[in-house]
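Below you'll find the structure, written out as structure tokens, and then a few comments.
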Amino acid sequence: MSTFFACMTLVVLYLATNKILEICFPESNLQSREWPALFPPIFLAFSFPFWSNSLVAEVYTLHAFFTILIIYLLLLWNAENDLRFLFLAAFCFGLSAGNHGTVAFYLPAILILFFAWEKNKRIKNLGLTSLIFILGFSVYLYLPIRSMADPIIDWGNPETLQNFYDQVTDRRHSEFHFSKLKAYVSEMNPVSSFWDKPLSIASKVGFVFSRLINDLASQFTWVMVIGFMGGAILCARKNLPLFIFLFLIAAPNTAFFVGWREESYFPSYIVTCLWAALFFYWLLYEKLFSSVNEISNLEKGAELKKTARFSVFAISGACIFWLMISNYTKADRSESYFGEALLKKELLSVDDEGILITENSWFNMAYYLDVMRLRDDVALVKAADFLEADPPSYLTPKRYPRLELPNGVKYQFGSFEVAFSYMLEFFTKNAKTRPVLVEQNWALFERLPLAEELLPHRNLLLKYPTDKNDSSILTHSMDGFNQYKNWLEEDLKKPGLQLESKWIKKVIRYLSSFADYYHSTQRYKNEREVLKVIYDFLGQRGADWHLKMVDNLLLDGKKKEARALWKKMRESFPDEFQTLLAEGVLLTSEEDYQAAIQTINHSSNIEPEAFRPFLEKSRVWLASGKKENAIAILKVAEGKVKTLKDLKQVKNIKQTMETTR
């Protein structure tokens with residue numbers, strides 16, 4: 001369906017560019033509008049975000065289709081003076097909200113266009129339009145109905161009024177709304193006077209605009225950037241309400257998704273195409289040709305017209321050809337290969353009647369189980385459900401009739417500690433009758449002390465055992481990692497896959513999880529092997545990687561190697577807090593406590609909100625025999641705890657203090 005709606009988007013975009021040319025250049029004819037209307041959709045078709053998203057099961061091409069369809073219907077309403085197009089646009093607007101909630105940003109634009117173009121019976125027609133919009137918007141009523149059946153894929157569990165509201169307004173992810181813009185604002189100097197406020201607003205606008213121009217140049221070439229800016233000016237001069245309408249579609253989209261860009265910018269891409277069509281028409285039939293028409297020699301003028309047209313077509317055609325060549329090798333790689341090659345192998349390797357706990361691959365696994373019915377014997381549980389505000393509302397008997405579910409009444413949910421206890425009870429109850437398998441999950445291992453509860457099993461799978469001393473589960477703890485590495489090597493033999501950044505980003509989640517798992521379970525030699533793969537294969541050689549390796553070497557008793565690595569780290573990252581922290585840990589192992597305290601203090605000054613420097617200072621004070629200092633610093637560290645794993649480390653130090661009384 002993504003491919004179908006991508007094609008339909010291009011068709012409707014061509015019709016819309018024709019219509020906007022007709023509105024802004026009434027003297028134009030169908031023949032003169034043909035090429036200016038055709039070039040922008042072709043640019044969009046071969047841009048990497050649009051091309052790649054037409055080949056995967058995602059919401060973005062449908063979002064693009066609804067966006068251009070709404071614009072086209074509103075243009076038809078104006079051109080034909082027919083209210084039926086307005087009503088149809090309102091229905092599509094409501095319907096599109098069920099696919100992508102950010103269409104809510106279009107509302108001010110549509111209202112401004114309505115009041116600018118509608119001259120008769122405004123109140124009546126606005127009321128009718130609103131009712132038709134609500135009819136389309138009512139698609140949301142299906143959410144609680146479907147949710148009550150407890151399907152595997154149940155975003156937000158919208159069975160209650162609060163959950164339904166949170167899902168419709170995307171409150172669950174509100175911290176990501178305008179996140180990149182907020183981060184940029186936080187780095188600016190605070191507004192201290194009245195005159196600073198306009199400067200601050202101008203700075204934000206400049207930041208968003210520069211990101212948009214950078215993205216358009218990257219995805220469409222500079223030809224479309226020129227078309228975008230030139231077409232915007234033309235649109236403002238020819239039809240101001242239409243310019244404001246299109247501007248108010250692009251501007252909120254650009255600001256909201258300034259950190260994502262690419263496919264999230266599809267509405268802005270569509271506006272770019274519409275404005276570029278205006279610019280191409282003006283360039284071909286007004287600017288260049290009006291200058292040529294002033295030449296008295298008709299034969300020479302005709303030749304110049306031909307040359308000018310050929311130049312515009314040649315430059316645009318060359319840019320389109322460049323997009324085709326540069327994007328062909330990478331458009332259809334990462335998403336399909338990741339799901340087909342790696343995850344299908346993992347699912348097929350799950351033990352009979354297994355319970356699979358997963359997060360990174362949850363959507364793919366749900367598709368394989370719920371749609372393709374690959375393994376009807378496997379029960380899929382989303383790891384994040386255990387961390388919800390009310391896990392029992394997600395882990396229900398209706399959804400999991402064959403599983404043993406803990407009694408949620410006895411748990412006072414609201415902390416990671418309680419959620420973790422609930423998770424372990426779930427694992428323990430079900431492990432008695434069915435294999436409980438946990439997929440490698442670095443995010444879960446970072447937040448919860450879960451890794452040490454699991455044993456290596458195979459490939460990406462870890463097993464929650466009924467007996468941790470059961471040696472039959474796996475004879476060698478690296479077998480799973482080696483099998484996963486073989487999968488990666490098989491994948492890399494496929495042409496072009498090594499060029500795919502998205503594929504690499506997904507792969508690294510699992511490699512990082514292997515490293516975290518081996519570190520947590522004190523398999524330091526295994527952790528080093530994984531870290532070396534991350535270094536050599538993925539090229540991750542920053543300060544974080546060096547800190548992990550220094551930690552690893554010290555914990556494994558290799559102090560000389562740790563110091564040698566730290567010296568290289570100091571040369572490459574002299575001002576990073578990780579370098580100073582690594583030095584402090586190294587000095588602590590060498591029992592140079594005073595120097596260790598000074599170095600770690602310096603690292604905490606660079607990153608005052610970081611948890612670990614304060615934890616390490618507490619350890620140093622305790623090792624040096626100054627228990628009171630250790631207790632004071634540990635209280636500071638406790639105030640910076642962000643995960644249950646952090647809290648466990650604090651508790652371990654407290655237990656050590658109690659034993660040293």
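The values are calculated or read from the model by the stated rules, or taken from the named source; none is laboratory data. Just so it is clear, the structure is predicted and the values come from calculations on it, not from any experiment. Here the Cβ is made from the backbone with ideal geometry for all residues, glycine too, and neighbour counts use every protein chain on show. Calculation scope for accessible area: heavy atoms of the full protein, side chains included, ligands and nucleic acids excluded. Shrake-Rupley method; radii C 1.70, N 1.55, O 1.52, S 1.80 Å.
Each residue in the stretch 603-639 was checked for being open to solvent by 30 Å² or more (accessible area, probe 1.4 Å), in a helix (DSSP H, G or I) and touching a residue at least 24 places away in the same chain (Cβ under 8 Å), and 8 pass. With respect to the stated conditions, Gln578 is under 27 Å from Tyr518 (Cα atoms) and of a type outside the set (A, V, I, L, M). When the stretch 377-392 is filtered for residues that are surrounded by 16 or more Cβ atoms within 10 Å (Cβ to Cβ) and within 23 Å of Arg171 (Cβ to Cβ), the ones remaining, listed by number, are Lys382, Ala383, Asp385, Phe386, Leu387, Glu388, Pro391, Pro392. Lys124 satisfies every condition listed in (1) assigned to a helix (DSSP H, G or I); (2) farther than 20 Å from Asp82 by Cα; (3) without any contact (Cβ under 8 Å) to a residue 40 or more places away in the chain except (2). Residues that are at pLDDT below 95 and β-branched (Val, Ile, Thr) within the stretch 88-111 comprise Thr102, Val103, listed in sequence order.
Here's the yes/no breakdown for (1) open to solvent by 10 Å² or more (accessible area, probe 1.4 Å); (2) of a type in the set (Ser, Thr, Tyr); (3) more than 21 Å from Phe247 (Cβ to Cβ):
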site: Asn29; (1), (2), (3): yes, no, yes
site: Phe66; (1), (2), (3): yes, no, no
site: Leu69; (1), (2), (3): yes, no, no
site: Val103; (1), (2), (3): no, no, no
site: Leu107; (1), (2), (3): yes, no, no
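For Phe245, the conditions (1) of a type in the set (Phe, Trp, Tyr); (2) surrounded by fewer than 20 Cβ atoms within 10 Å (Cβ to Cβ); (3) more than 27 Å from Trp322 (Cβ to Cβ) are fulfilled apart from (2).
Only one entry of Ala308, Ala318 meets the criterion of being at pLDDT 90 or above, of a type in the set (Gly, Ala, Ser), open to solvent by 10 Å² or more (accessible area, probe 1.4 Å) and in a helix (DSSP H, G or I), and that entry is Ala318.
The residue that is most open to solvent (accessible area, probe 1.4 Å), counting only those in the stretch 500-529 that are β-branched (Val, Ile, Thr) and within 22 Å of Glu490 (Cα to Cα), is Ile504. I need the full set of residues from the stretch 558-577 which are part of a helix (DSSP H, G or I) and either on the phi > 0 side of the Ramachandran plot or touching a Ser or Thr at 6+ places or on another chain (Cβ under 9 Å) (or both), in order please. Hits for the stretch 558-577 are Lys559, Ala562, Trp566, Met569, Arg570, Ser572, Phe577.
For the stretch 252-270, the criterion of being among the hydroxyl-bearing types (Ser, Thr, Tyr), part of a helix (DSSP H, G or I) and modelled with pLDDT of 95 or more is met by at least one residue.
Screening Tyr265, Tyr285 for residues that are touching a residue at least 40 places away in the same chain (Cβ under 8 Å), of a type in the set (Ser, Thr, Tyr) and in contact with a Phe, Trp or Tyr (Cβ under 7 Å, 6 or more places away or on another chain) leaves exactly one candidate, Tyr265. Taken together, Glu452, Glu417, Glu446 contain a single residue that is touching a Leu at 6+ places or on another chain (Cβ under 7 Å), open to solvent by 60 Å² or more (accessible area, probe 1.4 Å) and at pLDDT below 90, which is Glu417. Under 24 Å from Ile244 (Cα atoms) and crowded, with 16+ Cβ neighbours inside 10 Å: is that true of Glu118 in this structure? Criteria met by Glu118. Give just the number: which of (1) at pLDDT 95 or above; (2) open to solvent by less than 20 Å² (accessible area, probe 1.4 Å) does Met224 not satisfy? Condition (1) is where Met224 drops out.
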